[in-house]
Amino acid sequence: MEGLSSSLRDTLKKLARANRIDEKTLNEVVRDIQRALLSADVNVALVQQLSKRIKERALKEELSGKLNPRQHVINIVYQELVALLGEPISVRLAHHAIILVGLQGSGKTTTTMKLARFFQKKGLKAAVICADTFRPGAYDQLSQLCSRIGAPFYGELENKNAVEITAHGMAELKRYDVVLVDTAGRHALESDLVLEMKAINEIANADERFLVLDSGIGQQASEQARAFNEAIGLTGVIVTKLDGTAKGGGALSAVAEVGTGIAFIGTGETVDDFEKFEPDRFISRLLGMGDIKTLVEMIEEEPPIEMEEAEAMLKGDFSLKDMYKQMEAIGKMGPLNKIVQMLPLGSLGVDIPDAALQSTKESLDRFRIVMDSMTNEELEHPRIIRSSRIKRIARGSGVPSDNVRELLKYHKVMQRTLKGVRSQKDMQKFLRKQGLK
Ligand SMILES: Nc1nc2c(ncn2[C@@H]2O[C@H](COP(=O)(O)OP(=O)(O)OP(=O)(O)O)[C@@H](O)[C@H]2O)c(=O)[nH]1
Ligand SMILES: [Mg+2]
């Protein structure tokens with residue numbers, strides 16, 4: 001998985017360096033995205049349909065002035081995936097009934113509790129019906145979980161008729177705000193169980209009909225989702241076990257199939273491991289790219305360029321002193337990767353290592369301490385700093401020598417980067433246009 005995301009990242013970088021989107025690089029990107037989605041278990045037909053859309057749009061749609069080719073493509077990929085995921089479903093905070101259906105062991109009972117807890121936290125009274133007469137111990141499991149969170153519970157230990165139990169439960173619990181019906185796990189293609197589920201649903205007259213889907217379900221997700229949908233008309237999906245290794249591609253296939261959205265995700269076994277669904281994080285996980293949200297946010301609201309700071313960064317020999325000044329500016333402006341994104345990356349022609357882009361405020365603070373122990377000469381001409389000076393500086397600033405070396409390395413990278421920027425014709429043009437040269 002790691003290899004995959006770095007491959008995708010590499011091909012996206014190629015795009016970043018291009019001035020326009022060439023078809024060959026785009027094909028590479030799309031292939032990497034396909035691989036990421038397939039290994040996340042997204043339905044094959046869906047992957048094909050998606051890549052076709054991405055390719056068409058990336059080539060057809062004008063590059064707007066604001067986006068470089070990489071951002072343009074990421075934005076399209078993101079939009080297309082969001083479109084498939086549908087609008088996140090919000091549950092209403094008013095009187096209603098919810099039925100939970102799904103395959104055996106998908107997490108229905110656990111999710112029922114999590115939902116009850118969710119409503120409790122919102123100040124609503126949630127009660128639970130055990131309509132699972134299939135699994136031995138279902139009644140005990142649910143009644144214990146309910147007493148743990150103090151939620152009213154209705155079940156009938158001796159009765160094997162789940163439809164009847166549901167009818168009794170609905171009558172019994174009608175004064176509560178939200179009634180949750182936990183059903184037996186079933187294979188959506190077993191016809192007698194499907195009939196029972198339909199009958200329970202009719203009796204409960206549920207406003208929300210949620211499919212509980214194990215994130216690890218894989219390629220059969222679409223077929224299962226379609227069958228459940230045909231039986232009771234799903235209104236949303238809850239994806240469980242996203243704390244594991246599964247990427248959740250099955251869930252994407254399922255919602256794309258039934259045309260509904262995801263309401264919540266389950267992220268653990270305890271009652272509070274439950275979150276509202278957020279497409280950004282889900283898509284990052286699907287593609288194995290941690291930063292899609294950052295990228296998309298940047299596309300949506302580009303921070304203004306602080307001219308003076310940009311100028312300082314691009315002038316002169318870039319001594320350690322310049323870097324010091326720049327770091328102070330960065331402190332005000334945010335992380336380096338944001339600054340780099342503000343420049344026309346397409347014309348940068350350099351590859352800034354991820355480590356440098358990710359350098360945190362803490363590491364900058366550390367650098368500052370180290371620099372305070374340097375002489376003026378060293379700050380102006382860092383080249384003269386060899387091992388004996390490194391030792392002295394380390395002692396003076398009370399840090400390991402490695403920190404000093406790290407700083408020098410970082411400086412070198414920055415220096416090289418800026419040299420690359422300055423030597424670019426496009427960059428010169430950009431600067432002239434901005435009145436910086
Ligand atoms: N790690 C993790 N485990 C979960 C999550 N949701 C459920 N589980 C576990 O998955 C197993 C099955 O959960 P249940 O809630 O009993 O599943 P079910 O769909 O009710 O199962 P049946 O009633 O037999 O069909 C249990 O061991 C749960 O603790 C989750 O989000 N993360
Ligand atoms: Mg259960």
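The values are calculated or read from the model by the stated rules, or taken from the named source; none is laboratory data. Everything numeric here is computed off the predicted structure, so don't read it as measured data. In this analysis, Cβ positions are derived from the backbone assuming ideal geometry, glycine residues included, and neighbour counts consider all displayed protein chains. For the accessible areas, the whole protein counts, side chains as well, though only heavy atoms, and no ligand, DNA or RNA atoms are used. Shrake-Rupley method; radii C 1.70, N 1.55, O 1.52, S 1.80 Å.
Here are a few things to note about the model shown:
- Among residues of the stretch 246-278, those that are open to solvent by 10 Å² or more (accessible area, probe 1.4 Å), of a type in the set (Gly, Ala, Ser) and free of Cβ contacts under 8 Å to residues at least 60 places away in the same chain, counted: 1
- Residues being buried (at least 20 other Cβ atoms within 10 Å of the Cβ) and either in contact (Cβ under 8 Å) with a residue 60 or more places away in the chain or charged (D, E, K, R) (or both) are represented in the stretch 42-53 by at least one member.
- Leading residue by the ranking (surrounded by the most Cβ atoms within 10 Å (Cβ to Cβ)) among those in the stretch 384-409 that are among the basic types (Lys, Arg) and under 42 Å from the mean Cα position of the chain (by Cα): ARG405
- The residue pairs whose first member lies in the stretch 106-120 and is closer than 15 Å to VAL239 by Cα, whose second member is in a loop (DSSP other than H, G, I, E, B), and whose beta carbons are closer than 6 Å, counting only pairs six or more residues apart or on different chains, are LYS108/GLY102; MET113/VAL271; LYS114/VAL271.
- Single unsatisfied condition, LEU63 versus (1) open to solvent by less than 30 Å² (accessible area, probe 1.4 Å); (2) assigned to a loop (DSSP other than H, G, I, E, B): (1)
- For LYS60, the criteria (1) in contact with a helix residue (DSSP H, G or I) (Cβ under 9 Å, 6 or more places away or on another chain); (2) more than 16 Å from ligand 2 (Cβ to nearest atom); (3) more than 23 Å from ASP272 (Cα to Cα) hold in every case but one, which is (1).
- Among the residues of the stretch 153-192, those identified as at pLDDT below 95, more than 15 Å from ligand 2 (Cβ to nearest atom) and among the small types (Gly, Ala, Ser) are ALA188, SER191.
- Among the residues of the stretch 118-139, some residue qualifies, meaning at least one is farther than 17 Å from LEU211 by Cβ, within 16 Å of ligand 1 (Cβ to nearest atom), open to solvent by 60 Å² or more (accessible area, probe 1.4 Å) and not in a loop (DSSP other than H, G, I, E, B).
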